[in-house]
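Below: one structure, written as structure tokens.
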Amino acid sequence: MELILKSNDEKSLAKIIALAKKLNIIIEKKNAVSKKTAKSDLKDRILDFKAKESSSFGDATEWQKKERSDRELPFS
């Protein structure tokens, strides 16, 4: 299990770290470099999304060529 604690109060963090050491809990301390908001993080995740599989809808260009074969398309 992983537990993330965030605080600006150094005294409180020191108490938590001391207790964790007494309980033989592994502590991994990371300093926050960037103060992005949750909304900004979510936006970045959405923009960086890469589908693992190809679209189940197929190729849009092929569909348009088939459906609109009676009309001239700009990418024909």
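Which residues, taken from region 1-35, are of a type in the set (Val, Ile, Thr) and surrounded by fewer than 10 Cβ atoms within 10 Å (Cβ to Cβ)?
Here is the first cut: in region 1-35, the residues of a type in the set (Val, Ile, Thr) are 4, 16-17, 25-27, 33.
4, 26, 27, 33, listed by residue number.
Filtering region 36-54 to residues that are exposed (fewer than 10 other Cβ atoms within 10 Å of the Cβ) and not charged (D, E, K, R) leaves 37, 38, 46, 47, 49, 51, 54.
Laboratory data are not the source of any read-out in this text; all were calculated from the coordinates shown. What you see is a predicted model, and the numbers here were worked out from it, not measured in a lab. Positions of Cβ are backbone-derived with ideal geometry, glycine not excepted, and every protein chain shown enters the neighbour counts.
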